[in-house]
1. Which numbered condition in (1) outside any helix (DSSP H, G or I); (2) β-branched (Val, Ile, Thr); (3) within 24 Å of residue 87 (Cα to Cα) is the only one that residue 484 fails?
2. If you go through the range 84-133 one residue at a time, how many are in a loop (DSSP other than H, G, I, E, B) and either of a type outside the set (Ser, Thr, Tyr) or touching an Asp or Glu at 6+ places or on another chain (Cβ under 9 Å) (or both)?
3. Mind listing just one residue for me: the one in the range 31-58 that is under 18 Å from residue 102 (Cα atoms) and part of a strand (DSSP E or B) and, of those, most open to solvent (accessible area, probe 1.4 Å)?
4. Which helices (runs of 4 or more DSSP H) sit wholly inside the range 313-401 and have at least 3 residues that are under 21 Å from residue 441 (Cβ atoms)?
5. For the range 223-240, which residues satisfy the criterion of being of a type in the set (A, V, I, L, M) and surrounded by 23 or more Cβ atoms within 10 Å (Cβ to Cβ)?
6. Against the condition under 21 Å from the mean Cα position of the chain (by Cα), modelled with pLDDT of 95 or more and surrounded by 21 or more Cβ atoms within 10 Å (Cβ to Cβ), how does residue 210 come out, does it pass?
7. With respect to the numbered conditions (1) more than 19 Å from the chain's Cα centre (by Cα); (2) within 17 Å of residue 14 (Cα to Cα), which one is the sole condition not fulfilled by residue 102?
8. Restricting the first residue to the range 450-463 and requiring it to be within 12 Å of residue 515 (Cα to Cα) and open to solvent by less than 30 Å² (accessible area, probe 1.4 Å), which pairs with a second residue that is assigned to a helix (DSSP H, G or I) and among the basic types (Lys, Arg) meet a Cβ separation below 6 Å and a spacing of at least six or different chains?
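The values are calculated or read from the model by the stated rules, or taken from the named source; none is laboratory data. Since the model is a prediction, treat every value here as computed from it, not as a measurement. Heads up, the Cβs are rebuilt from the backbone with ideal geometry, glycines too, and the neighbour counts pull from every protein chain shown. Note: areas computed on protein heavy atoms with side chains; ligands, DNA, RNA excluded. Shrake-Rupley method; radii C 1.70, N 1.55, O 1.52, S 1.80 Å.
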Amino acid sequence: MSGNGERYVVGVDFGTLSGRAVVVRVSDGAELGGAVHEYAHGVIEDALPGSGVRLGPDWALQSPQDWIDVLRHAVPEALAASGVPPEQVIGVGTDFTACTVLPATADGVPLCESRPDRPHAWPKLWKHHAAQPHADRINALAAERGEPWLPRYGGRISSEWEFAKGLQVLEEDPETYALAERWIEAADWIIWQLTGVETRNVCTAGYKGVFQDGGYPSDGFLAALNPAFAGFTGKLGRELAPLGGLAGRLTARAAGWTGLPEGVAVAVGNVDAHVTATAADAVRPGQMVAIMGTSTCHVMCSDRLAEVPGMCGVVRDGIVPGLWGYEAGQSAVGDILAWYVDNCVPAPYAGRAAERGLGLHEYLTELAAEQNVGQHGLVALDWHGGNRSILVDHTLSGVIAGQTLATRPEDVYRALIEATAYGARLIVETFESSGVPVEEFVVAGGLLRNPFLMQVYADVLRRPLSVIGSGQGPALGSAIHAAVAAGAHPDITAAAAAMGKRVTDAYLPDEKRADAYDRLYAEYRRLHDHFADGGMLHRLRAIRNEASA
């Protein structure tokens, strides 16, 4: 329950499959109550709702109505669970999956409301990878012309980002493209719905919208891709709002959705991974935060600017004002383990797990943990969702080497866990070899629930792991930003120190296991470099797509 004179903020995290809200005390970051609302439509991958129009390979869409429903359900439920009187809430902050982007009218109405049978009228989720050919063209032309912004993204932009997806809409549905007066990140669109004010945050604009040194890629560059693409930046916002800033005030309509008072402060929109660094109080140079869930996003602040191959971007003020914010990532981590359990584990294992009162993940983890390092004889590439860093190629695919007739499900499960750890190590090594030291590795996200997986990461990385002190990192981080926007703390760094939390040295590496993993990591690097050009993997994907057409 609340105490007299205490002030509170609400953080809302919009994820891939659900949204969650948490009510947080401003003075110390205590979480008083939370709620989760599952998206009714989830990830739209096969066919459009209602019309049944089929989607192609590598599509992933979402419904804006699901996001509004989070405000209508999760926020009031969290408030009720907390016991906090609404009048003591002074601010709201939100975060979103990055590069979830939608076409809208000039007043913010999503085009899918008027064109529900047109796939390109719907929001494209971050994991929509069907724009890879368009990203390839952007990268090739930028390299040919020596565009100065390209090194800021490790030499390649991703098919997940705003420009590749926008070019795909133009070339595959020019009518919808013409009707799209706004091309906007969901992180900014939800703020528009809460405040009635259109804003664009510096984080998504920099990392996903290729905004560097005060501007977007030139119209000349865009015209060289497609003459009709020259005006694309007119659909984007040019006045960028700082993180932790005040975007506006809660409207009467949004107050009705949320049960909060009209007029409370609403923070500038942000990205789930980047606000999590705040929740872990890890916003100083050298602290890399790995937010590990369906995918992993690696973010860190630095006082130095460097070109890191394959990074997702480096943006001034991109995590906290005054520092360079770096981002890298792995396109699939938890998704790989879920795919394996859902599709590749024989029924008897499910029976044995049930007898033990365990889920399949827990049972396979238990069996895998009994093995010595390398006992399974396998090494895998963690590319089942493509490669975000350091290759930036979402048409790559997973590889498992070393299987025999004696290979068991727990062998593969462990090899896949290890593959994701090897991918993380390669990212850390790439940053450090580029002159950006990683002094502390901090873990957040749902995979923290697996202690064996965490220990594998500590052993593979050969370094201690710190862990966030909250199970709702993004929502807590958004609440911290709301406290800054409402004026309760002077800046993000001060607010993170007061309200964020982490446990240092939660997992320590074992020297013997780390030595054994060094040998396996060397094999991972050989496999990684062999398939890095994508030749065979690209051809297999092309054959699959042709056969599925």
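1. In the conditions (1) outside any helix (DSSP H, G or I); (2) β-branched (Val, Ile, Thr); (3) within 24 Å of residue 87 (Cα to Cα), residue 484 misses (1) alone.
2. Total satisfying the criteria: 24.
3. Looking at the filtered set, the residue picked out is 47.
4. 334-344
5. Once the filter is applied, which keeps residues that are of a type in the set (A, V, I, L, M) and surrounded by 23 or more Cβ atoms within 10 Å (Cβ to Cβ), the range 223-240 yields nothing.
6. So residue 210 passes the test.
7. Failing condition for residue 102: (1).
8. Short answer, once both residue conditions are applied: 459/513; 460/425; 461/425.
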